[in-house]
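**Student:** This is the structure I want to talk about, given as structure tokens.
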Amino acid sequence: MIFAVLTGPVIAVRDTRYLDDIKEIRDRKLSIFKKLMATRAYILSWDHIEALNRIDLEFDRQRKGEKAVIEAWKEYLDLLGNKSLSPEQWAVKRIDLLVELLHKMALVLKYDFDKTHIRNSSYSPLAHGELEEQQALIRRGIIQILDGSRPVPMFVTNLPVKEP
């Protein structure tokens, strides 16, 4: 009885701390998954990139399901650096691999999302795509002007007229 009274609170605190640690680990994995799902149509967003870079930090290679996530992440990462494919082939494969990665994460985190849902259920207004294209054009143009490979066009439109 004395042993139970003395060790009971210590064991309870240890068990509580253990359960809190497990919840915190799951919450970090869930945070990555939610960011990737929310930004799957915006692969250039900082949140998307940060979440991708956290996958190998938070998912455990020793666990069967999580090992599949790491392997899918590595395959996706390899594609992101691959310049040998045509832009069209690369874009199609990128979507397929991202969907595969998100599906494996959904399975580990006990979300019931199929691949079709992951692929087709994001919203990305056309205006956002146009805005990104325009911003890229502006940046390229400014860089060309600054590095001297493109002149700055100037037109004189209102010359002062001298009166006789």
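**Student:** What number goes with the only condition from (1) among the acidic types (D, E); (2) part of a helix (DSSP H, G or I); (3) over 28 Å from D27 (Cβ atoms) that E100 does not pass?
**Tutor:** So the condition that E100 fails would be (3).
**Student:** If you don't mind, there's one more thing I want to ask. Working only within the stretch 131-151, note down all residues that are surrounded by fewer than 10 Cβ atoms within 10 Å (Cβ to Cβ) and either small (G, A, S) or touching a Pro at 6+ places or on another chain (Cβ under 8 Å) (or both).
**Tutor:** G148, S149
**Student:** Restricting attention to the stretch 6-45, which residues are in a loop (DSSP other than H, G, I, E, B) and exposed (fewer than 10 other Cβ atoms within 10 Å of the Cβ)?
**Tutor:** Once the filter is applied, which keeps residues that are in a loop (DSSP other than H, G, I, E, B) and exposed (fewer than 10 other Cβ atoms within 10 Å of the Cβ), the stretch 6-45 yields only L44.
**Student:** Name the residue that is modelled with the highest pLDDT, counting only residues in the stretch 109-148 that are assigned to a loop (DSSP other than H, G, I, E, B) and over 30 Å from E66 (Cα atoms).
**Tutor:** Only one residue tops the list, namely D147.
Each row is one residue, and each column tells you yes or no for (1) more than 18 Å from the chain's Cα centre (by Cα); (2) surrounded by 13 or more Cβ atoms within 10 Å (Cβ to Cβ); (3) not β-branched (V, I, T).
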| site | (1), (2), (3) |
| --- | --- |
| K67 | yes, yes, yes |
| I70 | no, yes, no |
| K93 | no, yes, yes |
| M105 | no, yes, yes |
| G129 | no, no, yes |
| P153 | yes, no, yes |
| V156 | yes, no, no |
| V161 | yes, no, no |
| P164 | yes, no, yes |
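**Student:** Can we say A106 is under 30 Å from R26 (Cα atoms), among the small types (G, A, S), touching a residue at least 60 places away in the same chain (Cβ under 8 Å) and part of a helix (DSSP H, G or I)?
**Tutor:** Details: under 30 Å from R26 (Cα atoms): yes; among the small types (G, A, S): yes; touching a residue at least 60 places away in the same chain (Cβ under 8 Å): yes; part of a helix (DSSP H, G or I): yes.
Against the criterion (under 30 Å from R26 (Cα atoms), among the small types (G, A, S), touching a residue at least 60 places away in the same chain (Cβ under 8 Å) and part of a helix (DSSP H, G or I)), A106 qualifies.
**Student:** Considering each residue of the stretch 46-63, count those that are surrounded by 13 or more Cβ atoms within 10 Å (Cβ to Cβ) and over 25 Å from R119 (Cα atoms), and give that number.
**Tutor:** Looking only at that region, the number is 1.
**Student:** Taking F3 and the conditions (1) under 20 Å from the mean Cα position of the chain (by Cα); (2) exposed (fewer than 11 other Cβ atoms within 10 Å of the Cβ), which numbered condition does it fall short on, given that it satisfies the others?
**Tutor:** Every condition holds for F3 apart from (1).
**Student:** Looking at (1) assigned to a loop (DSSP other than H, G, I, E, B); (2) more than 17 Å from L107 (Cβ to Cβ), find the lone condition where R61 falls short.
**Tutor:** In the conditions (1) assigned to a loop (DSSP other than H, G, I, E, B); (2) more than 17 Å from L107 (Cβ to Cβ), R61 misses (2) alone.
**Student:** Sticking with this one: Could you give me the residue pairs with C-beta distances under 7 Å whose first residue belongs to the stretch 57-85 and is without any contact (Cβ under 8 Å) to a residue 12 or more places away in the chain, whose second residue is in a loop (DSSP other than H, G, I, E, B) wherever it lies, and which are 6+ apart or on separate chains?
**Tutor:** Between residues of the stretch 57-85 that are without any contact (Cβ under 8 Å) to a residue 12 or more places away in the chain and residues that are in a loop (DSSP other than H, G, I, E, B), the close pairs are K67/R61.
**Student:** While we're on this one: Out of all the residues in the stretch 75-97, is one or more assigned to a helix (DSSP H, G or I), of a type in the set (S, T, Y), within 30 Å of G129 (Cα to Cα) and in contact with a helix residue (DSSP H, G or I) (Cβ under 8 Å, 6 or more places away or on another chain)? Break it down into steps so the answer makes sense when it comes.
**Tutor:** So in the stretch 75-97, the residues assigned to a helix (DSSP H, G or I) come out as 75-80, 87-97.
Among the residues that remain, those that are also of a type in the set (S, T, Y) are: 76.
This time we only want the ones that are within 30 Å of G129 (Cα to Cα), so: 76.
Then keep just the ones that are in contact with a helix residue (DSSP H, G or I) (Cβ under 8 Å, 6 or more places away or on another chain); that gives 76.
Within the stretch 75-97, one or more residues are assigned to a helix (DSSP H, G or I), of a type in the set (S, T, Y), within 30 Å of G129 (Cα to Cα) and in contact with a helix residue (DSSP H, G or I) (Cβ under 8 Å, 6 or more places away or on another chain).
The values are calculated or read from the model by the stated rules, or taken from the named source; none is laboratory data. Every value quoted in this text rests on a predicted model; they were computed, and no experiment measured them. Note: ideal-geometry Cβ built from the backbone for every residue, glycine included; neighbour counts use all protein chains shown.
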